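The values are calculated or read from the model by the stated rules, or taken from the named source; none is laboratory data. What you are looking at is a predicted structure, and each value in this text was computed from that prediction instead of being measured. Every residue, glycine as well, gets a Cβ built from its backbone with ideal geometry; the counts of neighbours run over all protein chains shown. With ligands, DNA and RNA removed, areas are computed over all heavy atoms of the protein, side chains included. Shrake-Rupley method; radii C 1.70, N 1.55, O 1.52, S 1.80 Å.
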Amino acid sequence: ENRPSGGSRGSSRGGKRPGAGGMGPGVGAGVDSRGNAHGGVNSSSSSSAAVAVAQSDVVASMATRLKSLEQSTRRMREELVAKDRALFSLKQRNRLLEEAAAPKGSDQLADQVTELADQNKSLRAQIHDMETFLQD
């Protein structure tokens with residue numbers, strides 16, 4: 001948009017746009033939508049160069065961010081692998097400690113103790129019954 005500073009679109013000067021002054025389109029100074037002054041003759045080549053520079057800056061910025069994210073991901077992956085190894089090691093150690101704390105066959109021993117206790121109780125009851133019978 002070629003609009004000189006200080007003029008407005010709706011002014012009435014014989015139907016001409018302010019600042020046009022009979023010159024062809026694209027000639028003369030103008031102000032872009034950000035309020036930056038630019039020359040009209042070379043505005044298309046300078047704006048395309050500005051766009052190229054802006055695009056280059058965006059690509060460079062994105063490449064830097066991507067590299068940073070890739071490094072962060074690699075670091076996190078390495079930490080995860082290290083923690084996974086440590087967890088595996090701790091689980092293995094825990095299993096070994098549990099096996100050492102509970103001797104093999106402890107369940108069988110507990111069952112035998114319970115069975116012997118029941119048998120002892122039954123035999124004591126029989127002894128009591130016999131003693132009672134003999135006292136009569």
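Just one of (1) more than 31 Å from the chain's Cα centre (by Cα); (2) open to solvent by 90 Å² or more (accessible area, probe 1.4 Å) fails for residue 114. It is (2).
Just checking, does region 126-136 include any residue being in contact with a Pro (Cβ under 9 Å, 6 or more places away or on another chain) and not β-branched (Val, Ile, Thr)? Looking through region 126-136, none of the residues is in contact with a Pro (Cβ under 9 Å, 6 or more places away or on another chain) and not β-branched (Val, Ile, Thr).
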